[in-house]
Amino acid sequence: MTKQEKPKLTQEFVKFVKFIISEIKPKPPYFTPFNVITIPIILLGMIILVFRFTKGLGAVTNLSQEFPWGFWIGFDVVTGIALAGGAYIITFIVYVMRSEKYHPIVNITVLNGFLAYVFYAGALILDLGRPWNIINPIIGNSFGFNSVMFLVAWHFLMYMAAEFLEFSPVIAEWLGWKKIKKWLSAITLGAVIFGITLSTLHQSGLGALFLMAKGKIHPLWYSEFIPILFFASSIFAGLSMVIIEGSISHRVFKDHMDSEHKDSHNEIIIGLAKFATVAIFVYYFFKLLTFLHNKQWTMLNDFWGFWYVLEVVVFVLIPGCMLAFGVKQRNVNIIRVGSILAIVGVILNRLNISIIAFKWDAAVKYFPSWQEIVVTLMIISLEIWVFRWVVSRMPVMRKSKR
Amino acid sequence: MKRRNFFKFTGLAGLTIAGKSASAQEIEPKKEFVGVLVDTTRCIGCRACEVTCSETHNLPVPDIKNDGALAAERKTSETQWMVVNRYETEKGEVFVKKQCMHCWQPACTAACLTNAMYKTETGPVIWRSKKCMGCRFCMISCPFDIPKFEYNSTNPKIQKCSMCWERLQEGKKPACVEACPTDALMFGLKRELMEIARVRVYGHPQDYVHQIYGESEVGGTGWLYLSAVPFDQLGFRMDLGTTPYPEFTTDFLYAVPVVLFGLPAFLMGLNLLARSNEESIAEKGR
């Protein structure tokens, strides 16, 4: 039997498999600083996870009866998801408000968001004591409808699906499936609107998780407005991350970008900073409102008061002013520094609520073990590996070659 | 049908037909929450309840004669569903039993996304291993910090007092109540326990403070406490308020369906607006 006699479908399939195999192969250079640093971290993280699943959570974490949630929840999930908020903001600007200016960054932002959710929300599974029961709230044999956690878990899942749909046209283009790409592009707006709605709810839902921890979180951080504060801060956290990631990608992935991406870079950053400035000041005034409403100035006299002022002034008000100034001066570097400070502020805020100011008066405080930190670094490294693989193969920042 | 039940049935049916008193409600057994009344003035700190609790639930039995555990205030743990603590107060030493309070509207069951934490029809809050995925949100939410987690197990369980749910179904009392030699513990319907507690407080105002802990704390709990000294001297949290903890999330949860259906409509509207704007600009440009 000759090659021509084979059915067309089989031929296509063989071609497809060959293409995938050729794409999966790593590309040189192999000994980049990034590889040299992250490969040992990933291997070490894997070993730690073996211990975690054979000896229990206590073997590798510093979690205790007093602190049931540690670094994996407080940083990976609660903070990671806040910083991944860029995707829903950018898709809102591009697809709903139809602002073409930001179109060049929409694919990469959605990819970033999707991977962040897969890895950081996925990190939740490592922390589950009885992960084999994770199907229970999904398949419907026991729905805890009145649980905020139920809502957050479902929205994570559905949002991952929505983001995958938003990104799928790029995959279809990479595989050369033109018809499917057309079809997928047509449903993007629906996926975007669904995704924004889900994001609004689970970003605030992450905050609502802590509503029942009343009395356990320092009163400077606890308020009934936590859900709104979480939502507002996810907007500028996400935008700041897009600014920083964009700046890094601009340097690192130069070869994978077309000229359209390169030329519009500064304009896009200034535009994004404008949105971020509005969001950060809205958030700041919300914070101020709860501060005044709960008469919290009486609590500023000790370490926790100082810590609170540090978070709200140094890492919210100052970056807010820097972003505004940067926009006015059209200075991208000031915007970048402001964005970094704003990101630190959001990280600090999430860690304060979930770990640092949680049981602030406990006799023995929680501090993450080195294993918890290594596993977190492993998750971040893995995410960047996958991100790099996708960006260097799929038409994320350029028009397709095929 | 058993003979006795048959008589019961016909008897009640006869009453109904006669139209005298029995309504449908009385035929069906009424579900009321049960609880336990702890009178700390009667507790002698013998810790018999601790021993029997561990024996009943297959937990390591404490060596109460030699472990000197009363020296420091203890918390419940993954191997102890309940502990007895000793407190030095203005009226001498007082012993207090501590375990799950079995709230009327528990934070843990509202937190649980799999309904593993479950408020049974008669009041005890139980944990069901087949449903739990080990997220520990119940531990974050519980105002009394009761659920405990087995961190050093590959099949970790949440450990907490179940008010001896299995024994209650057999018609028995909780093991600790049965073991108590001084009647410091009393099991019954919460409504009746409240009456007994009030009678004791009103009848002996010199022996009790004018408060029944658990009457209204976090919306009311299944376990009730009487004391001769103010409760803050006995390690009780006095800052919990009377709002049931699940209510802290109801506002948020009510907003969810509104956002889920309202926001997409709003976004569609915005999108249409943006489109028509583009069209009008394009027309002007022509």
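A compact table of results
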read-out: Any hit, region B:236-251, residues being closer than 21 Å to A:HIS155 by Cα and either of a type in the set (A, V, I, L, M) or surrounded by fewer than 18 Cβ atoms within 10 Å (Cβ to Cβ) (or both); value: yes
read-out: Residue in region B:238-247 that is within 30 Å of A:ILE217 (Cβ to Cβ), β-branched (Val, Ile, Thr) and within 14 Å of chain A (Cβ to nearest Cβ) present; value: yes
read-out: Qualifying residue in region A:159-170 (condition: among the aromatic types (Phe, Trp, Tyr) and more than 14 Å from chain B (Cβ to nearest Cβ)); value: yes
read-out: Pairs, first more than 14 Å from A:GLY195 (Cβ to Cβ) and within 14 Å of chain B (Cβ to nearest Cβ) in region A:109-137, second surrounded by fewer than 22 Cβ atoms within 10 Å (Cβ to Cβ) and of a type in the set (D, E, K, R), C-beta under 6 Å, six or more apart; value: A:ASN136/B:LYS131
read-out: Among residues of region A:30-69, those that are within 10 Å of chain B (Cβ to nearest Cβ) and more than 30 Å from A:LEU206 (Cα to Cα), counted; value: 0
read-out: Selection from region A:354-373 of residues that are surrounded by fewer than 18 Cβ atoms within 10 Å (Cβ to Cβ) and either touching a Pro at 6+ places or on another chain (Cβ under 6 Å) or in a helix (DSSP H, G or I) (or both); value: A:TRP370, A:ILE373
read-out: Residue list for region A:294-353, filter: part of a loop (DSSP other than H, G, I, E, B) and closer than 14 Å to A:TRP221 by Cα; value: A:ASN294, A:LYS295, A:LEU300
read-out: Filter result for B:PRO264 (within 25 Å of A:PRO227 (Cα to Cα) and either within 14 Å of chain A (Cβ to nearest Cβ) or not hydroxyl-bearing (Ser, Thr, Tyr) (or both)); value: yes
read-out: Region B:45-87 - residue that is in a helix (DSSP H, G or I) and hydroxyl-bearing (Ser, Thr, Tyr) and, of those, nearest to the other protein chains (Cβ to nearest Cβ); value: B:SER54
read-out: Residue match in region B:185-197 (condition: at pLDDT 95 or above, closer than 24 Å to B:TYR87 by Cα and out of contact with any helix residue (DSSP H, G or I) (no Cβ under 9 Å at 6 or more places or on another chain)); value: yes
read-out: Single residue of A:SER240, A:SER234 found to be of a type outside the set (Lys, Arg), under 18 Å from the mean Cα position of the chain (by Cα), away from chain B (no Cβ under 14 Å) and within 18 Å of A:LYS101 (Cα to Cα); value: A:SER240
read-out: Qualifying position, being of a type in the set (S, T, N, Q) and assigned to a loop (DSSP other than H, G, I, E, B), among A:SER223, A:SER185, A:SER199; value: A:SER223
read-out: Residues (within 29 Å of A:SER64 (Cβ to Cβ), touching a residue at least 12 places away in the same chain (Cβ under 8 Å), more than 7 Å from chain A (Cβ to nearest Cβ) and not in a strand (DSSP E or B)) located in region B:151-189; value: B:LYS157, B:LYS160, B:CYS161, B:SER162, B:MET163, B:CYS164, B:TRP165, B:PRO174, B:ALA175, B:CYS176
read-out: Residue list for region A:77-101, filter: surrounded by 22 or more Cβ atoms within 10 Å (Cβ to Cβ), within 14 Å of chain B (Cβ to nearest Cβ) and more than 16 Å from A:ILE196 (Cα to Cα); value: A:VAL77, A:VAL78
read-out: Of all residues making up region B:88-112, the number that are more than 21 Å from the chain's Cα centre (by Cα) and not in a strand (DSSP E or B); value: 2
read-out: Contacts under 9 angstrom Cβ, first residue in region B:104-124 being within 15 Å of B:LYS190 (Cα to Cα) and more than 9 Å from chain A (Cβ to nearest Cβ), partner acidic (Asp, Glu) and part of a loop (DSSP other than H, G, I, E, B), 6 or more apart; value: B:THR122/B:GLU32; B:GLY123/B:GLU32
read-out: Failed criterion for A:GLY205 (all others in (1) within 14 Å of chain B (Cβ to nearest Cβ); (2) surrounded by fewer than 23 Cβ atoms within 10 Å (Cβ to Cβ); (3) touching a Pro at 6+ places or on another chain (Cβ under 8 Å) hold); value: (2)
read-out: Meets criteria (among the polar types (S, T, N, Q) and either part of a helix (DSSP H, G or I) or under 20 Å from the mean Cα position of the chain (by Cα) (or both)) for A:ASN62; value: no
read-out: Inter-residue pairs, beta-carbon under 8 Å, first at the interface with another protein chain (Cβ under 7 Å from one of its Cβ atoms) and in region B:135-147, second small (Gly, Ala, Ser) and assigned to a loop (DSSP other than H, G, I, E, B), 6+ apart; value: B:CYS135/A:GLY129; B:ARG136/A:GLY129; B:PHE137/A:SER147; B:PRO143/A:GLY215
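The values are calculated or read from the model by the stated rules, or taken from the named source; none is laboratory data. It should be emphasised that the depicted structure is a prediction, and the values quoted were computed from it without experimental measurement. Glycine also receives a Cβ, built like all others from the backbone with ideal geometry; neighbour counts cover every protein chain displayed.
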